[in-house]
Amino acid sequence: MPMRSARSVAVVLAVPLLLTGLPAAPAQAAAPAQAAAAFSVRTLRFDVRIGPQGAQRCVVVADLYRPATASARKRAPALLTTNGFGGSKDDQAGLAKAFAQRGYVVLAYSGLGAGGSGCRITLDHPAYDGAAARQLVDFLAGRKAARDGTRINVVRMDAPGDPRVGMVGGSYGGGAQFAAAGVDRRIDTIVPMITWNDLRYSLAPNNQVAASGRLTGGPGATKLLWGLGFFALGAYRGISDARTDPARLAGCPNFPTALCQAVGESLWYGVPRPASLAYLHAASVASYMSRIRTPTLLIQGQADSLFNLQESQATYRALAARGTPVKMIWMSGGHSGAGRPGDLDLERPATNYVGRRVLAWLGHYLWGRRADTGPGFAYFRPWIRYQGNAAPAYSSAPSRPQRLYLSGRDRLVSNRSQVARGRAAYRNPLGGWPTSFSELSVLQNALVSVPPSDALGSAAAWTSAPLKRPTDVAGSPTLTVRLSSPAAERSQRRGVDGRLVLFAKLYDIAPDGSATLAHRLVSPVRVSDVRKPLTVRLPAIVHRFAAGHRLRVVIASSDMSYLGNRTVLPVTVHTDRDRPGVLTLPVTSRPGR
């Protein structure tokens, strides 16, 4: 077993079994008094067919929340919701109750492979999770009965067999919405939160930008802790729910064989092989985007090293390009941290900014109410003070590019004429052992905070002069550099797993010298060819660099949360006035000079 593999196994054994859905919301300001409508709750089980030609049978367990106001003569729209990874329908109880009290018929169900539902976890593949959701829509339409014979006839209909239905949920429960909408046009709207665009990027991101301005594609650096944490949690759920469907433990426990292969390949080669990547892509909306016509309110978290803001950007742009009605919100929380008060709480949606946006969106598309559904894009600004609802902290102001230049071996200057010729060198250690620390992914919230750091000699850094005025960044910066590495040139001839891996990031340096890495986000890159100029898309952030602070852009050789190079590949970064390295910032205020 390679050294890196042994270290990885030790890590996975220490990963706690966390439920990955929406982060817990902080306490909110009290909402105005409102009479809550009565509702009933009933647990149901459904037989569903999934997979090619519906050859596989599964049982899905769900809770039906029926408002007392809904009847065959006074029908109401429906909501379908499901859990985050490894969770269950019970995790959605607060949301379901809140919307049932507002007159919605809500069906909260456990996704395949967890929470009492049978079959294996398939990562929200449309042929499996999408097919299961479609048959739950059949129930809401009155065309399908639960196992005990229960049928429903209180959901508003657009046509015979076509119920008025939307979907709401986060993380894995967000991916399920795309899977369902991709196979069922009857779904009228979706509200996916903190979810993915392409699992290939989510689990092995490569942030190298091609000449077209898009990411080059192909695997980058595997997310060690997130990947192993999910695999451990999924296997544990299979074992703990073995009575529901013991057959799913055969072979790859509670997962398709391709996912066990992806884990093994990552530990051995550093990245999954093509067949495993193909499965991850097939389970992602990026592979079937052309089938999504459903109006979509995308909500993504700024504090998220699992599904970052770039994921929502990719989905938003693809949907908008096809004319699909879509709006996007970048909220404060995410998988890597809780949100700010007054920002998101769907158990009390009227008390907070995102909750009110969701209410207006669903009211428009499901009740047919005339409502202001908000701007096409809005982002939370963490430096704005407010009380109660977080609306004052949101902005829709567009950004504009501002360039800074790498100069000499360690300076970042605002004018190209100030660029000095120079070079900065670094090297990674033998064996793939990490020398840089950013965050601990699935473990981060459970441990005492440790500041990000880079070991001397294992990273190159360029730092600006103190800013004369605040600089607000909203979006994805880019970094263009020229590299040289004879060892990496030789290594990349072996193929993908031989290419140079590096990690780019942007620090905020306070006057006292302390360094802040916005939401602890980094950009892994597997360089396609070290002989050519390299452009990297840095993490999308919403961050204020205060007056007196400095910007520091860093290229590091490794990161504790990722798999990197195992052989030593020394790198030199070159810069001069004719061909300087360039950091481009999407700013919404004029930066200091």
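The values are calculated or read from the model by the stated rules, or taken from the named source; none is laboratory data. Keep in mind that this is a model prediction, so the values were computed, not measured. Backbone-built Cβ (ideal geometry, glycine too); neighbour counts: all protein chains shown.
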Considering 385, 370, 340, 357, which residue is among the basic types (Lys, Arg) and assigned to a helix (DSSP H, G or I)? 357
Please give the number of the condition residue 578 fails out of (1) without any contact (Cβ under 8 Å) to a residue 24 or more places away in the chain; (2) charged (D, E, K, R); (3) closer than 30 Å to residue 227 by Cα. (3)
Right, residue 190: in contact with a Ser or Thr (Cβ under 6 Å, 6 or more places away or on another chain) and not in a loop (DSSP other than H, G, I, E, B) or not? yes
Assigned to a loop (DSSP other than H, G, I, E, B), surrounded by fewer than 19 Cβ atoms within 10 Å (Cβ to Cβ) and small (Gly, Ala, Ser): does that describe residue 145? yes
Tell me which residues, restricted to segment 535-593, are among the small types (Gly, Ala, Ser), closer than 20 Å to residue 210 by Cα and assigned to a strand (DSSP E or B). 581
Among the candidates 407, 458, 438, single out the residue that is touching a Leu at 6+ places or on another chain (Cβ under 9 Å) and either at positive phi or surrounded by 14 or more Cβ atoms within 10 Å (Cβ to Cβ) (or both). 438
Out of segment 246-262, which residues are surrounded by 19 or more Cβ atoms within 10 Å (Cβ to Cβ) and either assigned to a helix (DSSP H, G or I) or charged (D, E, K, R) (or both)? 248, 258, 259, 262
Which strands (runs of 3 or more DSSP E) does segment 477-517 wholly contain that include 2 or more residues that are among the hydrophobic types (A, V, I, L, M, F, W, C), closer than 21 Å to residue 530 by Cα and modelled with pLDDT of 95 or more? 478-484, 501-509
Return yes when residue 186 is basic (Lys, Arg) and surrounded by fewer than 24 Cβ atoms within 10 Å (Cβ to Cβ) and no when it is not. yes
Would you mind finding the one in 203, 224, 249 that is at negative phi and modelled with pLDDT under 85? 249
